[in-house]
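Inspection log for the structure reproduced underneath, given as structure tokens.
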Amino acid sequence: MNDSYIPLSIPQLSGREWAYVKECLDSGWISSAGPFVERFERAFAGVAGAEHAVGVVNGTSALHVALLVAGVKPGDEVLVSNLTFISPVNAIHYCGAHPVLIDASEKNWQIDADKIEQFLAEECEEKNGSLFNRKTDRRVAAILPVHLLGLACEIDRICAIAQRFGLKVVEDAAEGMGVRYKKKHIGTFGDLAAFSFNGNKVMTAGGGGMIVARAKKDADYARYLTNQAKDDSLEFIHHEVGFNYRLTNLHAAIGVAQLEQLPQFLEKKLSIASYYKEALQNEPELTFMPSPADCEPAFWLYTVLLRPSVTLEQRREFIRRMNEQGIGARPFWHTIHDSRPYAGAQNYRIEISPQLYARGICLPSGVGLTPAQLERTTGVFKNVHRLLR
Ligand SMILES: *Cc1c(COP(=O)(O)O)cnc(C)c1O
């Protein structure tokens, strides 16, 4: 990567990262125990207004364990977004459960709450106190809505629907650090939630994740499962199959330093979004990222949609040309129903998500972007847009 390449989203390490990592090295606490882990969990819970937070090695393992804690069993089904990074769908698979892929809404680009409700009401039936998918005769256990791109799903509605049908809600808030919905941080609506601190997210720990739980017993069980389900730490007695999903003190140290900078990061994300909106406002037939009234967004990756008639091939060419000119643009998430591992999964009324995938372009959104880099990005975008219309 040369200096003139403008990446999609890279970490900005401008706070106390060095100082805190040095503390780990000086003290010898570099592994899966140490004071920064607890400090990160507490500080995170404070910022998100979460009841309980358990640090883990990454966002995917957070989702895996959150689903297990929610009671998802082999053979169950979980409703999940069709338009998403594949991680939450894989997490369902790790539980031996089956995803049911739900379409996105044009209105907010997130999982469509109406279609969730319709699927549960029309395609499922109650038997002995549980909900079953009529077509597969499998138990429906939970809903896993994914908050995409630094926006929020209609999470209050989704939770109300889940409650009506007796389902658990596990929120995937990996892209949503700092996002609030109706004044409440996302990840605090459902029974459990997962966050990610991968290097490209709103804030990073160099790698890491957080399980958020509303109930203390769920948080305790999550902590137990992520630490090899150790029932006696002297004798190493285990009553269940657990996992080594612990967060290291080194990573937590970076996480604490990043969390201290979150307000600045969010401010920068908002200013990047306004810049793009302003600079591209006269581009013909361009759709900007929605900003629903109830949502305080973090605009993790600022995304635009090309004209409705654009073909997938034209959108691919668009991104190819931007990349050639040193701009790290990339597509919106690939739809899961036509990804190879989940081609056989049940999907429900997939109509909108393929269009969002075909038309969407995520623009560089790192908090370290300079005004000159933003100007170059929009300059290249306009040129390519003119050529390909
Ligand atoms: C990044 C991401 C994850 C996974 O997080 P990792 O820390 O990379 O495992 C899960 N879900 C979504 C929607 C993501 O964007």
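The values are calculated or read from the model by the stated rules, or taken from the named source; none is laboratory data. Bear in mind the structure is a predicted one, so any value in this text is a computation, not a measurement. No Cβ is skipped: glycine too gets one built from the backbone with ideal geometry, and neighbour counts run over all protein chains shown. The accessibility values were calculated without ligands, DNA or RNA, using every heavy atom of the protein model including side chains. Shrake-Rupley method; radii C 1.70, N 1.55, O 1.52, S 1.80 Å.
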Test: Thr287 is more than 30 Å from Ser14 (Cα to Cα), out of contact with any Ser or Thr (no Cβ under 6 Å at 6 or more places or on another chain) and open to solvent by less than 70 Å² (accessible area, probe 1.4 Å): yes
Selection status of Cys24, within 16 Å of the ligand (Cβ to nearest atom), surrounded by 20 or more Cβ atoms within 10 Å (Cβ to Cβ) and either aliphatic (A, V, I, L, M) or modelled with pLDDT of 95 or more (or both): no
Ala173 being in contact with a His (Cβ under 9 Å, 6 or more places away or on another chain) and within 14 Å of the ligand (Cβ to nearest atom): yes
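Within segment 153-170, can you find the residues that are within 30 Å of Cys362 (Cα to Cα) and away from the ligand (no atom under 16 Å from the Cβ)? Talk me through it step by step, then tell me what you get.
Kept after step one, since they are within 30 Å of Cys362 (Cα to Cα), are these residues of segment 153-170: 153-159, 169-170.
Matches in segment 153-170: Glu154, Asp156, Arg157, Cys159.
One line per residue, one yes/no per condition, for (1) modelled with pLDDT under 95; (2) away from the ligand (no atom under 16 Å from the Cβ); (3) open to solvent by 10 Å² or more (accessible area, probe 1.4 Å); (4) under 19 Å from Val212 (Cβ atoms):
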residue	(1), (2), (3), (4)
Thr60	no, no, yes, yes
Val78	no, no, no, yes
Leu120	no, yes, no, no
Asn133	no, yes, no, no
Leu151	no, no, no, yes
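Matching residues to (1) within 16 Å of the ligand (Cβ to nearest atom); (2) more than 14 Å from His52 (Cα to Cα); (3) polar (S, T, N, Q):
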position	(1), (2), (3)
Lys183	no, yes, no
Gly199	yes, yes, no
Gly207	yes, yes, no
Ile211	yes, no, no
Ala222	yes, no, no
Filtered residues of segment 308-330 (kept if buried (at least 21 other Cβ atoms within 10 Å of the Cβ) and part of a loop (DSSP other than H, G, I, E, B)): Ala329
Condition met for Leu259 (crowded, with 18+ Cβ neighbours inside 10 Å and not in a loop (DSSP other than H, G, I, E, B)): yes
The listed residue being of a type in the set (A, V, I, L, M), closer than 25 Å to Cys153 by Cβ, open to solvent by 60 Å² or more (accessible area, probe 1.4 Å) and at pLDDT 95 or above, out of Leu363, Leu270, Leu356, Leu305: Leu270
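Name the residue, out of Arg389, Arg376, Arg349, Arg340, that is modelled with pLDDT under 95 and open to solvent by 60 Å² or more (accessible area, probe 1.4 Å). Write out each step before concluding.
Working: Arg376 fails: modelled with pLDDT under 95; Arg349 fails: modelled with pLDDT under 95; Arg340 fails: modelled with pLDDT under 95.
Unique residue meeting the criteria: Arg389.
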Number of the exception - Phe299 against (1) in contact with a helix residue (DSSP H, G or I) (Cβ under 6 Å, 6 or more places away or on another chain); (2) assigned to a helix (DSSP H, G or I); (3) under 21 Å from His185 (Cβ atoms): (2)
Residue among Phe44, Phe85 that alone is open to solvent by 10 Å² or more (accessible area, probe 1.4 Å) and within 16 Å of the ligand (Cβ to nearest atom): Phe85
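Look at segment 49-58 and say how many of its residues are within 16 Å of the ligand (Cβ to nearest atom) and either farther than 21 Å from Asn200 by Cβ or surrounded by 24 or more Cβ atoms within 10 Å (Cβ to Cβ) (or both). Reasoning before the result, please.
Taking segment 49-58 and keeping what is within 16 Å of the ligand (Cβ to nearest atom), we get 53-58.
Narrowing the set further to residues that are either farther than 21 Å from Asn200 by Cβ or surrounded by 24 or more Cβ atoms within 10 Å (Cβ to Cβ) (or both) leaves 53-56.
Count: 4.
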